[in-house]
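Working notes, structure below.
The values are calculated or read from the model by the stated rules, or taken from the named source; none is laboratory data. Fair warning: this is a prediction, and the values are worked out from it, not measured in the lab. Note that we place each Cβ from the backbone using ideal geometry, even for glycine, and neighbour counts take in every protein chain shown. In case anyone asks, the SASA skips ligands and DNA or RNA and just uses the protein heavy atoms, side chains included. Shrake-Rupley method; radii C 1.70, N 1.55, O 1.52, S 1.80 Å.
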Amino acid sequence: MRNEAGGIMVVDLQTDPYNNNHHRQEITNSGHKPRPKFGDFLKADHDGIFPPVVDPIIVNTNLTHQRFSSVSTMSNGPTSGDDSSPCVMSPWARLSPPWAMDFNEDNALETNGLIGSIVREEGHIYSLAASGDLLYTGSDSKNIRVWKNLKDYAGFKASSGLIKAIVIFGEDRVFTGHQDGKIRIWKVSKRKPGKHKRVGTLPTFKSLVKSSVNPKHYRGKNSVKTKHHDAVSSLSMDAEVGLLYSSSWDRTIKVWRVSDSKCLESIQAHEDAINSVMTGGFDDLVFTGSADGTVKVWKREMQVKTRHALVQVLLEQENAVTALAVKPEFSMVYSGSSDGVVNYWQRSKRVFIGGMLKGHNSAVLCLAVAGNLLLSGSADKNICVWRREPADGSHECLSVLTGHMGPVKCLAVEEERACRGKEAKASVEEGERKWIIYSGSLDKSVKVWRVSEKVATWREMEEEAAASSGWKRSPSLHESCAWSSHDLGK
């Protein structure tokens, strides 16, 4: 997706957590890098990233240490790079994080930034799902762990295949997608809430038996191929209509009816591995992103049979599409790519209009939406927090969450009052909500963050520092340091 009017200037943050310099990069219509191979960033060897910890622990981190600062540009001074950089010399670049002095181990949820880390010797973290005060984590150890209020609560194990996706449905069912191409269904015991029992597998054993007994019928023109022949890369649930969507590296997406575990449709959707599928929650749309560099829009039709028709291709590029996220309330769609760019679109009068955000120097591996915030996790080990401005739909980067020692593979979000349960306030004004962010990494840890929509942008912090110190801001300083998004037509 390129600007046809010519090159556009965006600002790129040097994402080394110990480097506070900013550099400009220009995106033009020519000279793009060839699309990297799919396996280069999704099937890489991650051994030896970080030594494991024997027992699960919760670590309350010293937020005054620069490595764990929620905003990587805010430190006690420049630590590396060119001292003449306008961002390093800016007064607000040397301010201490405002929440460091307020950190209290006994009341960690009241702080901004990093709350703590969950470390357990069970492999690299590939998937997360959060619901209230519960957090599910999936790894390449075949184990699914359940954490309650950041404490080890329960666990259950699949027979094979690392866990690449987790979806919570209602109060008693959990769906997990695996490397072996299967989707497993778990039910939570009512008598023992921490106990999970496997109650089914998709495709069901019955459907597999029928296809083996009468293969011609199940391989005909009108048959539905129920089995994924490669890893299940993502799951997405449309709870309103009771449909589960699964995507796979076998280039297909499948539609499952939750009530009877039946595969309603199998779609050969892309020319390369599919990395993400997301139900839109608006206009009956479904979105898919693939290693072939495209983002496609599918329209669901539920009449006699459930069918999906391709209605639009939002993006065609050389770089692989690695992640998707959807915000139904704003009709927003986000996609992350292997070149570190996040593209976004907003649907208005049946037309998608959008732009791009540049904040990473390596592949974007996961996306999550929280209110007016977008979070992007990357192979560069960082998480960018973007805020959408409701007035004009533009986006600004509020902060960069640093601290992981390996690629950030997955994200999960819960509103803070949902985590607090009955003690939470009944209502929070729009724009003042606070969120608990969980990030899973290939460093074998899960980090827990607290993020507010009301956090000041870098421009606002700069102006506040200038006002308090009497320093006058140079007109070109913001242009050199600010994050910005650029609107692009359809």
Spin-label zone in region 160-182 - amide nitrogen under 13 Å from a point set 7 Å from the Cα of Leu208 along the C-beta vector: 160-161, 180-182
Apportionment of accessible area to carbon and sulfur, region 301-401, percent (1.4 Å): 45 percent
Rounded FRET efficiency, nearest 0.05, which uses the C-beta distance separating Asp152 from Thr201 and R0 of 45 Å: 0.95
Virtual spin-label span in nm between Glu240 and Glu121, 7 Å along Cα→Cβ: 4.8 nm
Sites Thr306 and Gln268, calculated FRET efficiency, Cβ-Cβ separation with R0 22 Å, nearest 0.05: 0.85
Violating pairs (Cα-Cα greater than 19 angstrom) within the set Lys434/Lys454; Lys148/Lys192; Lys299/Lys327; Lys142/Lys409; Lys164/Lys444; Lys187/Lys227: Lys187/Lys227
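Assuming 0.36 nm per residue, please report the length gained on full extension of the stretch Val313 to Lys299 beyond their Cα-Cα distance. Spell out each step's value before the answer.
Numbers: separation 14, 0.36 × 14 = 5.04 nm, distance 1.20 nm.
In short, 3.8 nm is gained.
What full-extension length gain, to one decimal in nm, is calculated for Ser362 and Asp172 as 0.36 nm per residue of separation minus the Cα-Cα distance? Display every interim value, and only then the final one.
Values: separation 190, 0.36 × 190 = 68.40 nm, distance 3.77 nm.
Between Ser362 and Asp172, full extension yields 64.6 nm more.
Quick check: residue separation of Met405 and Asp284 times 0.36 nm, minus the Cα distance between them. What number comes out in nm? Can you show the working numbers first?
On the way: separation 121, 0.36 × 121 = 43.56 nm, distance 3.93 nm.
Here the answer is 39.6 nm.
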